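Down below is the structure, laid out as structure tokens.
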Amino acid sequence: MSGEILFLAHRMPFPPDRGDKIRSHHILRKLATLGPVHVVTFADDERDMGEEVELAAIARSYRLVRRVKPLIVAGVQSLLRRMPVSLPAFYSVEVASYVADLLAEREISTIYVFSGQMGQYIPSSYTGRVIFDFVDVDSAKFEAYAERATGARRWVFAREGRMLAAEELRLARRADVSLLVSFEEAELFRERLPEPDREVCDVRALRNGIDSRYFDPALISAAPEMIDCPGPRLIFAGQMDYAPNVDAALRVIHRLLPEIRKTLPRATFHVVGRSPAEELVECHGRDGVFVWGGVEDIRTYLAAADLALIPLDIARGVQNKVLEAMAMSLPVVLSPEAATGIGAQDGHHLVIAERDADLIERVNALLSHPRQALALGIEARRFVVDQLSWQATLAPLVDMLTGAATGARHAA
């Protein structure tokens, strides 16, 4: 392709240690093989800022800004400006100025926007190609939050859902291609567009992948601190201040694990991930629950586990936590929501159950029959290695950046 690429991301793509950052990390690396890439992104904390050397190594130029605006300030601004909270939360005069200068000085042929919050930085005068990677249908997620909330939180979530839906429509009309993380998510996005826009807007799926050479159980030793805990050991890994993850872990702690331990008294449940919510931390060390927080290498904890239990009630798109567990040859028991977009076969690559009683039954059956659990884990790894490598899932990016294969809009 000719020209250069501007990559806008709402979070620093390094280190790739949570779902959205894993996706943006691999997309950025792919884009860097296709042409010079200029990166504009935000750092959530000093750890992100410490990864600046990685960004400098891959970008032709970049602007990394520490995001410090309090959520309450963004909330007030969103009310005054009648927009979603996420827009003022991710607005920076410094970023806007940098983008304007870059577009004036460089031959930017394509802007790749990772997450809808960053669409506000594209000037109406820009005439190059625009790709919006929404990842998930955020408006639908906030609508789901509203349905489960009460009082003021219900109003806040419902408003955010409405405002995000309007912003998603605006951006889809602006985009040459709109991307979602799965075929199911792309179809949902398209269905939520007004009738005339469904035929005009090019909406496609760009699936997440997995680096199965990195997530290889043959190369990893189990975390000794987790191995020292009684077993069988169940694991849930993720960003543990993210509400759906917190709810899923609490579901295991309060509803599933006590019943599992009636059959398997030594069973333990391990919550692994950055910034665990206080209600999770309070459970650490009690009734077979261990909360490890952020760890240096998640693979060592997956290697120490006997089964991944992922009962998400709200899940948008493909769950990296599921792909990572499968790549590590773990048997995975999960909810239908957590299985969406993966394409694996229930009972062959993983086990899907919805009700508490069914999840408990499936977990007990697998843990009571180690050979069956081992076979499921082997098939899980074989599936992700064969079907979900990053090289395969990101191959369509070449055509998207050049404008080829526009007929793919109905592929979802």
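The values are calculated or read from the model by the stated rules, or taken from the named source; none is laboratory data. These figures come from a predicted structure and were not determined experimentally. For neighbour counting, all protein chains shown are included, and Cβ atoms are generated from backbone atoms with ideal geometry for every residue, glycine included.
Key figures for this structure:
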| quantity | calculated |
| --- | --- |
| One residue from ALA43, ALA89, ALA74, ALA59 being buried (at least 17 other Cβ atoms within 10 Å of the Cβ) and touching a His at 6+ places or on another chain (Cβ under 7 Å) | ALA59 |
| Test: residue in the stretch 313-324 that is more than 26 Å from ASP138 (Cα to Cα) and not hydrophobic (A, V, I, L, M, F, W, C) | no |
| Test: residue in the stretch 336-349 that is among the hydrophobic types (A, V, I, L, M, F, W, C) and under 16 Å from LEU367 (Cβ atoms) | no |
| Any hit, the stretch 27-40, residues being of a type in the set (S, T, N, Q), part of a loop (DSSP other than H, G, I, E, B) and not assigned by TED's automatic domain parsing to the domain that holds ALA243 | yes |
| Hits in the stretch 59-71 - residues which are touching a residue at least 12 places away in the same chain (Cβ under 8 Å) and not in a helix (DSSP H, G or I) | ALA59, ARG60, SER61, TYR62, ARG63, LEU64, VAL65, ARG66, ARG67, LYS69 |
| The stretch 267-289, subset on the phi > 0 side of the Ramachandran plot and in contact with a strand residue (DSSP E or B) (Cβ under 8 Å, 6 or more places away or on another chain), residue surrounded by the most Cβ atoms within 10 Å (Cβ to Cβ) | GLY273 |
| Selected residue (only one of ALA56, ALA74 is under 17 Å from SER115 (Cβ atoms), among the small types (Gly, Ala, Ser) and not in a loop (DSSP other than H, G, I, E, B)) | ALA74 |
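Here's the yes/no breakdown for (1) free of Cβ contacts under 8 Å to residues at least 40 places away in the same chain; (2) more than 15 Å from MET240 (Cβ to Cβ):
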| position | (1), (2) |
| --- | --- |
| ARG266 | yes, yes |
| PRO276 | yes, no |
| PHE290 | no, no |
| GLY293 | no, no |
| ARG299 | no, yes |
| ASP306 | no, yes |
| LEU330 | no, yes |
